[in-house]
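K.L.:
After the structure tokens below, expect a handful of questions from me.
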Amino acid sequence: MVLNKFFINVLIRVIFILFSCVVLGIILQHLDQGYYYTLTGTIFLIVLQAWLLVNKVNKTNMDLEKFFSSVDDHDSSVRFSENTMNSSFRKLHDRMNNLNTVIQNVKIENERTSQFLQSVVDHVDIGLLSFDINGTIGIFNRAARRYLQVQQLWQLSALKTINDELFKVINTIKPGQEILHKMKTDNILLSILVKATELKFESNVLKLVSFQDITNELDKKELDSWKRLIRVLTHEIMNSISPITSLATVISGYFKKRDDEIPVPLDKIDHQIITKTLSGLNTIEETGKGLLDFVDKYRSLTSLPKPNLSKFTVDSLFRKCKILMESDIHNNLKISASVYTEDISIEADYGQVEQILINLIKNAIEAISDKKNGTIHLKAMYSDDDILIQVEDNGPGISGDILEDIFVPFYTTKENGSGIGLSLSKQIMQNHDGTISVNSAIDKGSIFTLKFPL
């Protein structure tokens with residue numbers, strides 16, 4: 001509406017100027033009749049109208065330039081007079097003042113939101129630190145200052161002189177990666193989980209790093225793991241020690257009287273007692289060897305060699321595993337492999353990863369051995385910043401009460417199982433900065449997933 005009035009106002013002035021020019025032309029044609037005063041007045045009127053038109057346009061341009069400059073400078077305090085005689089200017093100024101008020105309110109609201117978010121960021125107990133590609137610090141909340149033991153930090157490089165080890169972790173961590181970092185704060189050893197993510201704002205790229213103290217959670221998980229391990233160890237050891245103790249008591253009874261410690265006379269020891277004694281000692285020997293074998297298996301869990309990394313394709317790994325397991329595949333079973341992008345490669349210890357897959361395939365074969373149409377499917381795919389390798393079967397599945405213990409050393413539901421296969425697999429994956437997990441339900445099969453970081 002304001003622009004329409006401005007346009008009409010300018011159009012009327014232009015028409016008056018054109019009309020005055022026509023009059024001037026007529027006067028010039030009859031100048032010999034002496035219209036000098038009329039000529040002078042007409043010229044003055046044309047100049048005056050032209051000056052008023054230019055002045056009006058300039059005034060409007062100046063007001064608009066002033067308004068847009070204030071917007072560009074984020075200055076919403078500029079006000080325009082609404083007492084002008086010209087109604088179009090008065091309405092234009094009114095609109096610009098209203099728009100300035102809206103901008104000012106938005107600015108105030110943004111400032112409140114910013115202060116609120118800053119308060120929230122400062123309040124959370126997770127340390128947050130953001131920086132750009134030049135290392136300039138953005139977010140640096142109270143928890144981050146506590147973990148880093150620095151009150152002010154403007155450049156990431158300044159952290160190098162304070163805590164070089166933590167600086168390397170922050171500087172080299174990749175988006176989506178998680179690193180467990182041990183550090184001392186007030187002479188207390190903390191387990192800090194460091195995570196990173198990447199934020200993109202047009203051409204600006206920021207890395208956001210978080211720090212979370214998970215010492216209590218790790219202690220609780222460690223305690224739970226120890227409880228499970230001790231429960232399994234106690235079960236295995238008691239299964240071995242109880243028969244030995246019982247047999248020792250029985251054998252001892254052959255050679256002493258029932259109510260005292262007086263040995264039985266030699267003439268009372270016959271061939272039958274000797275035979276029973278030798279049989280019992282053989283049983284004790286076999287049980288003792290089994291216990292030593294159990295200890296050796298436990299030792300193997302604590303002396304796993306570091307991964308010898310090399311790059312290889314998952315497809316070649318699948319082919320080899322299928323060849324190795326051919327003799328174990330019966331007619332009622334089928335094993336297949338799918339690699340969703342044939343060139344998927346991982347950098348890992350080939351032998352150790354092969355060991356995990358063979359163990360999982362053997363477990364799957366045992367699970368579906370009684371099934372008429374048992375299938376095992378090996379799969380590999382990309383998932384965000386990870387590579388997933390899965391072993392899926394259509395077996396009877398695993399119940400929920402067993403799932404939480406299957407990765408505990410020596411836990412097994414098999415009659416002749418050792419209970420270390422999945423434990424070793426978990427340790428191998430941890431040494432590769434990866435994870436192993438299982439998704440299973442009764443009568444719906446099982447899926448074991450190996451996750452390798454890219």
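None of the figures in this text is laboratory data; all of them are computed from the coordinates on show. Source: prediction; values computed, not measured. All Cβ positions, glycine included, derive from the backbone under ideal geometry; neighbour counts span all protein chains shown.
K.L.:
Mind checking the full-extension length gain between THR313 and ILE12? Use 0.36 nm per residue of separation minus the Cα-Cα distance, one decimal, nm.
P.N.:
100.3 nm
K.L.:
Oh, and also: Which pairs, out of LYS182/LYS311; LYS362/LYS444; LYS184/LYS207; LYS306/LYS362, put more than 28 Å between their alpha-carbon atoms?
P.N.:
LYS182/LYS311
K.L.:
While we're looking at this one, here's another question. Please give the charge dipole size of segment 108-187, origin at the Cα centre, charges +1 on K and R Cβ atoms and -1 on D and E Cβ atoms. Round to the nearest 20 debye.
P.N.:
The dipole of segment 108-187 has a size of about 260 debye.
K.L.:
Using only alpha carbon pairs under 8 Å that are at least six residues apart, calculate the relative contact order of segment 103-143 and give it in whole percent.
P.N.:
Values: 30 pairs, mean separation 12.7, N = 41.
Reported relative contact order: 31 percent.
K.L.:
Once the convex hull of the alpha carbons of segment 300-402 is built, what does its volume come to per residue, in cubic angstrom? Intermediate results must be reported in sequence, preceding the final value.
P.N.:
Values: hull volume 14.7 nm³, N = 103.
Once divided by residue count, the hull of segment 300-402 is 143 Å³.
K.L.:
Give me the Å³ per residue figure for the convex hull around the C-alpha atoms of segment 158-210.
P.N.:
86
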